[in-house]
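Report on one structure; see the data block that follows.
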Amino acid sequence: MGIEPEHRAILSVAAAAREVADLAYTVVRRINEPAIPQDRIRAWRSLRLQALAGLDRCVLAELLVGATWAQVAHGYGLTPEQMQKRFEPTLHRWLNGTVLPEGGPSAEFTTGLVGDTDPAGTAAALDLWIMRHTEPWMDYPIDPVTRAISEEY
């Protein structure tokens, strides 16, 4: 399945959110286990870094679906000029299908899923993850990730 840059970015945001949620689950699950301070701190640092990567992915996805620099800057807490300076090179790479090397310059802004050859399968897996984590009192959205990356979105 070919996928447009904006849809791949949306998929990447969903994947990042899942990673953050799974890391948060691990922190809570292990809260009563014996651990050295460094391990608990590292777990939180990992969670924080994943959340920041998700934030960057969200900015790129919003830009790719048509948000202005002013709109994303308002949400991020920077000026439009600061946002453009920070994100424009990565946005350009996304629009042109250029992949950053692992650990390369500005790697913190990569949006993940570089080697994903089955975006539809990834979306379906994320939809199942949502279904498993929806509380009984919550409305269950039908295939939210698959619908978000479809051409009809």
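The values are calculated or read from the model by the stated rules, or taken from the named source; none is laboratory data. Given the structure is predicted, the values throughout are model-derived calculations rather than measurements. All Cβ positions, even for glycine, are placed from backbone atoms using ideal geometry, and neighbour counts span all protein chains on display.
Kindly provide the set of residues from the range 66-81 that are surrounded by 15 or more Cβ atoms within 10 Å (Cβ to Cβ) and among the aliphatic types (A, V, I, L, M), ordered by number. Once the filter is applied, which keeps residues that are surrounded by 15 or more Cβ atoms within 10 Å (Cβ to Cβ) and among the aliphatic types (A, V, I, L, M), the range 66-81 yields Ala67, Val72, Ala73, Leu78. Beta carbons closer than 8 Å, at least 6 apart along the sequence or on distinct chains, pair a first residue in the range 124-140 that is under 22 Å from His7 (Cα atoms) with a second that is surrounded by 14 or more Cβ atoms within 10 Å (Cβ to Cβ) and of a type in the set (Asp, Glu) for Ala124/Asp143; Asp127/Asp143.
Number of residues in the range 95-153 that are at pLDDT below 85, more than 20 Å from Arg18 (Cα to Cα) and exposed (fewer than 11 other Cβ atoms within 10 Å of the Cβ) equals 10. Report yes if Leu78 is more than 29 Å from Pro141 (Cα to Cα), in a loop (DSSP other than H, G, I, E, B) and at pLDDT 90 or above, otherwise no. So Leu78 fits the description; yes. Arg86 fulfils the conditions (1) under 16 Å from Ala16 (Cα atoms); (2) modelled with pLDDT of 90 or more; (3) surrounded by fewer than 19 Cβ atoms within 10 Å (Cβ to Cβ); (4) of a type in the set (D, E, K, R) except for a single criterion, (1). Taken together, the residues in the range 3-47 that are in contact with a helix residue (DSSP H, G or I) (Cβ under 9 Å, 6 or more places away or on another chain), of a type in the set (Val, Ile, Thr) and not in a loop (DSSP other than H, G, I, E, B) amount to 5.
Restricting attention to the range 48-75, and to residues there that are outside any helix (DSSP H, G or I) and either over 22 Å from Ala16 (Cα atoms) or at pLDDT 95 or above (or both), which single residue is nearest to the chain's Cα centre (by Cα)?
First, pick out the residues of the range 48-75 that are outside any helix (DSSP H, G or I): 65-68.
Remaining after also requiring either over 22 Å from Ala16 (Cα atoms) or at pLDDT 95 or above (or both): 67-68.
On the way: Ala67: 17, Thr68: 19 Å.
Checking each candidate, the answer is Ala67.
Taking into account only those residues within the range 19-58 that are among the charged types (D, E, K, R) and crowded, with 18+ Cβ neighbours inside 10 Å, which is farthest from Arg147 (Cα to Cα)?
Asp56
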